[in-house]
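The values are calculated or read from the model by the stated rules, or taken from the named source; none is laboratory data. Computed from a predicted structure; not experimentally measured. In this analysis, Cβ positions are derived from the backbone assuming ideal geometry, glycine residues included, and neighbour counts consider all displayed protein chains.
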Amino acid sequence: MWSGNFKTAIGNLRANKGRSMLTMMGIIIGVSSVVTVVSLGEGLKHQVTGQINQLGSNVITIRSGKLVGNGSGIGGLNLLAFLSTSTLTDQDVQAITKLSSVNSVVPIDFVGSSAGSDKRQLDNIFVVGTSSKMADLLHQKVAYGSFFESDDSTNKVVIGSSIAEELLDELNPVGHSVKISGATFVVQGVLAPSSGGLLSVAQTDFNSAVFMPLKNARSLTNGRTNILQILAKSNGDELDIAVNDISTALQKTHGGQTDFTVLKQYELLGIAGNIVNTITRFISGIAAISLLVGGIGIMDIMLVSVSERTREIGIRKAIGATNRQILNQFLIEGLALTLGGGVIGVIASLIINGVLRVYTSLQPAITLQIFIIAVGVSVAVGITFSVTPALKAARKNPIDALRNE
Amino acid sequence: MALIELQEVSKLYGFGDATVLALDEVILSVDKGEFVAVMGPSGSGKTTLMNVIGLLDRPTHGSYLLDGRNVARRRPNQQAKVRRDRIGFVFQSYNLLARLSVLENVALPLAYKGMTPVRRQKRASDILELVGLRDREYFMPRQLSGGQAQRVAIARALINKPSIIIADEPTGNLDSTDSKVVMELLADIHRQGNTILLVTHNPELTRYANRVIYMHDGMIVGDEQTAIGNMAKGARRTHFQRRKVTDDEIVEGVSALMRDVPGKELASKPKKKAKRGRPRTKKRPVGRPAGHRLKAGSRQRREKAKKR
C-alpha cells in the first residue's frame, strides 16, 4: 500500500514537474542554508579546539577584565573587555615569572599596523608584541630562519607564512627587509603555516601576523604599556596550583581587585565552543525561517492540488477508498515533495561546502548528524504542512467530490 | 431475503424554502440476480436513488438494508468498505483515473483492499480478458475509445465480485455501436447471476432488463416486469407520448406535467389503496411475485391525486 502510494505520489508530482520543482525550491534553499550554516559552525569549532589543543593542556591564559558569572555576555566572556584598555602590565608579567609553579611566561599584545616591502604594501596586519619564548610555549614551528632569541629591542622580526607570500612573494624571505609603521625591520624567521582559523587563542591568525619583541611593538604605538593577554605554562601537572598562585599574585599587584581572568585550556575551549554554538544557532535560526516559508509553499500547492483533484478523490472514494487511505495518499505526496527537497538541499549544501573549502579559509564540516537532522526536519515539515490539505481531501463527501468538474 | 431493501427512504437537499425533495419515501426491494432499469425524466431522483443504494449519499430518512443489514447509518469508513467489497459503479463519464494505466485502474479497488501488487495485477488482467481488453492493459485511459473506456470501467466495477453493479447511464456518452457492445457486456454479466441497476433515458435499453422502474418527482410511480428482449410497455409509452407533448402543454404547468407522467396506469393501484385508508406500510400489491413488490406513492402524491 505504502509503496503503491509512493509511486502514485511520484507520478502525480511528475505530472506537474515545473510546479513541483518550484515548490521544492523553498525546501531546498531552507535545508541547504541550514546545513551550510551548521556545518560552518562545526568546522569553526573543530578549528578552534584543534588550535587550543595544540597548545597543550598546561597552558594558562590570563586576560584583562572579569569573567562575568553565568550567562551574561556570550559564554560568560565579556566581549567588550577586548575593546577597553587592558589592565595587565609588565609588573604582572614579572610577578608571574617569579612564581615557582610557573615554568614560562609570555606576554602578548597586538598592534594593528600596515607593512610594506619594496614590492607592495599590506594594510591591516597584526603586529604581535611578545617574548622570545612564545614559539616554544605555543608549540609554533618555525619554517625558515629562527624565532628571535632576546627580548631586547632589535630590528629583527618573525613573520607569518601568508605575510611572506603576500608581501615578499617568496617562501623563504629570511634577510629581506620590511617596513612596518615607518620603521625598517629585517626578517629573521618565517613561521610554519598554523592551522589557525578565525578564532584562535590570540584572536588572530598567526599566518598573517608579524612578531617582534614587546618593547619594539610598544615603540610603534608611542609607548602604550599594557598587555592584552599573558600566557603562562605551569610546571608539569601543577596546573591548579599555578592558577591559584597566579590569581593571588595578580590580586596583589592590582591592589586587591580581581579585574583579570585566569583561564585553563579547557575553560578556554568551552568559551570558544560556546561562542561558536551561539552564533551558529542564531544564524541557522534565521536560515530556518526559509524552511518555514518553504513549508507554507508546500501547504499552498497541496491545497491547490487537492481542489484540482476533487473528482479523482470522488472516484477513489466511490470505488472504496477510506478516508484514511485518501489522507495517506496526500500525506505521502507532501512527504515526497519535502523529502526530495531535503535530499537535493543536502546535495546543494555539499556543493556549497566544497566551494567554500576551495575558495575561502573556512573549513565546513558535515557530520552524519547534520544529514540526519536535515532529512528529519524536512520530513517533519512535510508532514506538518501536508496534514491540513490531506485532511481536507480525506473529509470530502464522495458525492460532492464526484460531481465536481 | 431481498438483496436491497429500501424502507421509506427520503432525501432532502437544502434548507427552509429552498428544500428540494429528491427522494420521497421510496420503498423498493431488489432481489439477487435482477436486472433493473430505472427510467424517468431529468430531476426525477433516479441518480439520487442510485447514490443512496451505492452508499455515496446518505438518506435523510428511512433505512436501507443491504443483505439484511442496515447500512444507511454506518460511518463513512465502513460505508467505504461496503462500497469497495459489495458495490461496483459504472458512470456515464467512465471516471477512470487519467494518470493510471488501464491495468492499474482496474486493480485500484484491490489496492484499497490491501492486496499485493502481483496478485491484484493478475486478477485485473483476468477481468480485462473477460471484457475483451487484455491487449489494452498498458494503455492510458486517454488512448481508449469511449466504448473501450466504459468496458474498462465495467471491469473495474467487477473486480471485487460485487453484490450489485450500479450503472448510471453507462451509454450516455457512447454511439450506438459502442452502446450495444457495452449493453451486451452488461447482459452477459447479468446472465452470470449478477444484480444490475441501470439508469437510462433510452427506452430501447429496457430490452436488457427484466424489471423496469419509473420515477417521477422522487417517487417510484411504476414498476414493471418485462421479459428480457422486449421493450417495457411503459417505456414504449413514454417513448411515444413524449413526442406528442408540445411546448404549450408544458407551459400549462403542473397539470400538464402530470399528464406526462410515465406509467400513470401502473401507479394507480396505490392510489386506490390510499383511498381505502389502510396503513401504508402494510400495502402490498396483489398478484405480484414476492420480491417484486411495488410500494410506490406518498402523502404528497395522494393529495395531488385527490385534487385532480
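Within segment B:159-174, does at least one residue satisfy the condition of being part of a helix (DSSP H, G or I) and within 14 Å of another protein chain (Cβ to nearest Cβ)?
no
Which residue is farthest from the other protein chains (Cβ to nearest Cβ), if the candidates are limited to segment A:303-324 and must be touching a residue at least 40 places away in the same chain (Cβ under 8 Å) and more than 14 Å from A:Asn397 (Cα to Cα)?
Checked segment A:303-324; the qualifying residue farthest from the other protein chains (Cβ to nearest Cβ) is A:Leu303.
Can you confirm whether A:Ala143 is farther than 24 Å from A:Leu250 by Cβ, under 32 Å from the mean Cα position of the chain (by Cα) and at pLDDT below 80? Lay out the reasoning, then the answer.
Values: farther than 24 Å from A:Leu250 by Cβ: yes; under 32 Å from the mean Cα position of the chain (by Cα): yes; at pLDDT below 80: no.
No; evaluated as a whole, the condition is false for this residue.
Yes or no: segment A:389-398 includes at least one residue that is aliphatic (A, V, I, L, M) and not in a helix (DSSP H, G or I).
no
Which of the strands (runs of 3 or more DSSP E) contained wholly in segment B:182-234 include at least 1 residues that are out of contact with any Ser or Thr (no Cβ under 7 Å at 6 or more places or on another chain) and within 19 Å of B:Thr171 (Cβ to Cβ)?
In segment B:182-234, B:195-199, B:211-216 are the strands (runs of 3 or more DSSP E) which contain 1 or more residues that are out of contact with any Ser or Thr (no Cβ under 7 Å at 6 or more places or on another chain) and within 19 Å of B:Thr171 (Cβ to Cβ).
Residue check: is B:Arg134 within 13 Å of chain A (Cβ to nearest Cβ), surrounded by fewer than 17 Cβ atoms within 10 Å (Cβ to Cβ) and either touching a Pro at 6+ places or on another chain (Cβ under 7 Å) or of a type outside the set (S, T, N, Q) (or both)?
No: the conditions fail for B:Arg134.
Here are some residues: B:Ala124, B:Ala80, B:Ala37, B:Ala107. Which one is surrounded by 18 or more Cβ atoms within 10 Å (Cβ to Cβ), in a helix (DSSP H, G or I), at pLDDT 90 or above and more than 10 Å from chain A (Cβ to nearest Cβ)?
Just one listed residue meets the conditions, B:Ala124.
Considering only segment A:82-94, I want to know if a residue exists there that is buried (at least 18 other Cβ atoms within 10 Å of the Cβ) and modelled with pLDDT under 80.
yes
If you go through segment A:325-344, how many residues are in contact (Cβ under 8 Å) with a residue 40 or more places away in the chain, more than 10 Å from chain B (Cβ to nearest Cβ), out of contact with any Phe, Trp or Tyr (no Cβ under 7 Å at 6 or more places or on another chain) and not charged (D, E, K, R)?
The qualifying residues number 13.
Restricting attention to segment B:92-104, which residues are within 10 Å of chain A (Cβ to nearest Cβ) and among the small types (Gly, Ala, Ser)?
Of everything in segment B:92-104, those that are within 10 Å of chain A (Cβ to nearest Cβ) and among the small types (Gly, Ala, Ser) turn out to be B:Ser93, B:Ala98.
Name every residue in segment A:248-284 that is buried (at least 16 other Cβ atoms within 10 Å of the Cβ), touching a strand residue (DSSP E or B) at 6+ places or on another chain (Cβ under 7 Å) and among the hydroxyl-bearing types (Ser, Thr, Tyr), in order of residue number.
Hit for segment A:248-284 is A:Thr261, nothing else.
Could we say that B:Arg86 is within 23 Å of the chain's Cα centre (by Cα), within 14 Å of chain A (Cβ to nearest Cβ) and of a type outside the set (Gly, Ala, Ser) here?
So B:Arg86 fits the description; yes.
Away from every other protein chain (no Cβ under 14 Å), of a type in the set (Gly, Ala, Ser) and surrounded by fewer than 23 Cβ atoms within 10 Å (Cβ to Cβ), is that true of A:Ala374?
So A:Ala374 fails the test.
Given the conditions (1) closer than 30 Å to B:Asp57 by Cβ; (2) free of Cβ contacts under 8 Å to residues at least 60 places away in the same chain, and given that A:Thr360 satisfies all but one, which numbered condition is not satisfied?
(1)
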